[in-house]
Structure formats: C-alpha cells, structure tokens
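Okay, structure first, notes after.
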Amino acid sequence: MRSTASWWGSKVRQFRLHLQARVARAERDGLATWLTPAQLQLFDAMHVADRRHGLDVVATLRADGVTDPDVLVAGLLHDAAKGATGVGPRVAYSLGQAYGRWVWGVASFVPGWRTAIERLRAHAAASAVLAAEAGCSPRTVELIRHQDAPRDPEFGELLRLADEAN
C-alpha cells in the first residue's frame with residue numbers, strides 16, 4: 001500500500017499536470033501512424049488533460065518494453081469518457097477513492113459536480129464502450145473496461161501501474 005505522503009505527492013503532481021496539460025501538434029500527428037481514423041477522432045474528442053495523460057501512459061508502457069498495439073491503444077484511450085470534467089470534481093473523486101465514498105456525497109452538493117462525479121465513477125465502462133464504437137479490438141476494450149481491477153494476465157497490471165504513475 002502506498003504511503004499517505006506518497007499518495008498526496010502523486011495527486012499534487014497530477015493536479016499540476018492537469019492544469020498545464022498540452023499536446024504538441026507533432027505528438028498528435030504522430031498518432032495517425034498507428035491509430036485508425038475513428039480512434040484518432042476519439043482521441044481528439046478527449047479533454048486535453050486526458051489526451052496528455054494517455055500519451056504519458058503510452059510513453060511509460062513503451063519505456064517498460066510494451067509494443068503490443070492493443071495495450072498501447074488502451075493506454076491512450078482509457079479515459080476517453082471522462083469528458084470535460086473540471087479539476088474540482090476530479091480532486092473530489094480522487095479523495096473519495098482514498099478516504100471513502102462519503103466524500104463523493106458531500107461533493108455532489110456543489111452545483112454541477114454530481115453528474116461529473118458519476119461520470120468519473122463510470123468512466124472505465126463508458127470509455128470501453130467508446131473504444132468499441134471506435135473499432136478498437138476486444139482486447140483493448142477489455143483492458144480499458146477493467147483498468148482499475150485488471151483481468152488481463154499479461155498487461156492488465158502493467159497498464160494500471162502506468163496509469164497510476166502518470
């Protein structure tokens with residue numbers, strides 16, 4: 001189990017990265033060499049922070065020696081359904097994961113946050129549906145669907161750790 005200080009350090013870093021998120025034109029254009037047009041369209045529809053995060057997850061997977069296209073596409077698109085969720089609900093969601101669902105209940109009283117927190121809670125399944133609609137392989141879809149509780153014996157945990165690290 002990760003220490004409290006380590007968890008907070010990770011979340012502060014993620015918060016900063018969310019606010020500073022950018023995707024360079026060359027990074028985006030490079031995706032066209034390994035994504036289908038529908039997958040690229042799904043990527044383009046994602047919030048810029050989720051696009052940046054997906055690119056960073058892919059970089060971590062590649063650094064770990066992963067070359068399997070199904071896994072790399074899953075890493076890139078695993079948060080596709082988070083939508084235009086602002087940083088406030090994302091912070092509340094993370095706090096709820098760490099300290100209990102009661103945080104989500106309290107945060108839901110903030111106007112507009114109830115829907116955002118529900119979207120975050122359901123994002124893995126919803127992202128899997130979007131990936132399937134974009135023509136991703138069944139393996140990619142399942143990696144996305146089970147990102148928080150991996151089932152793929154070869155790459156599931158590696159994807160979860162890359163997601164957590166970024």
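Within segment 132-159, can you find the residues that are part of a helix (DSSP H, G or I) and among the aromatic types (Phe, Trp, Tyr)? Result: no residue meets the conditions.
Here Thr85 passes the criteria (1) touching a helix residue (DSSP H, G or I) at 6+ places or on another chain (Cβ under 8 Å); (2) surrounded by fewer than 14 Cβ atoms within 10 Å (Cβ to Cβ); (3) in a loop (DSSP other than H, G, I, E, B) except the one numbered (2).
Yes or no, residue by residue, for (1) under 29 Å from Glu27 (Cβ atoms); (2) open to solvent by less than 20 Å² (accessible area, probe 1.4 Å); (3) charged (D, E, K, R):
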{"residue": "Ala98", "(1), (2), (3)": "no, no, no"}
{"residue": "Leu120", "(1), (2), (3)": "yes, yes, no"}
{"residue": "Ala125", "(1), (2), (3)": "yes, no, no"}
{"residue": "His146", "(1), (2), (3)": "yes, no, no"}
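Quick one: in segment 19-44, of everything that is farther than 23 Å from Thr67 by Cβ and not small (Gly, Ala, Ser), which residue is surrounded by the fewest Cβ atoms within 10 Å (Cβ to Cβ)? In this case the residue turns out to be Arg25. Examine segment 103-117 for a residue that is open to solvent by 70 Å² or more (accessible area, probe 1.4 Å), free of Cβ contacts under 8 Å to residues at least 24 places away in the same chain and under 21 Å from Asp163 (Cα atoms), and state whether such a residue exists. Within segment 103-117 (the criterion being open to solvent by 70 Å² or more (accessible area, probe 1.4 Å), free of Cβ contacts under 8 Å to residues at least 24 places away in the same chain and under 21 Å from Asp163 (Cα atoms)), the answer is no, since none of the residues qualifies.
The values are calculated or read from the model by the stated rules, or taken from the named source; none is laboratory data. None of the values given here were measured: they were computed from a predicted structure. Neighbour counts run over all protein chains shown; Cβ positions are idealised from the backbone, glycine included. With ligands, DNA and RNA removed, areas are computed over all heavy atoms of the protein, side chains included. Shrake-Rupley method; radii C 1.70, N 1.55, O 1.52, S 1.80 Å.
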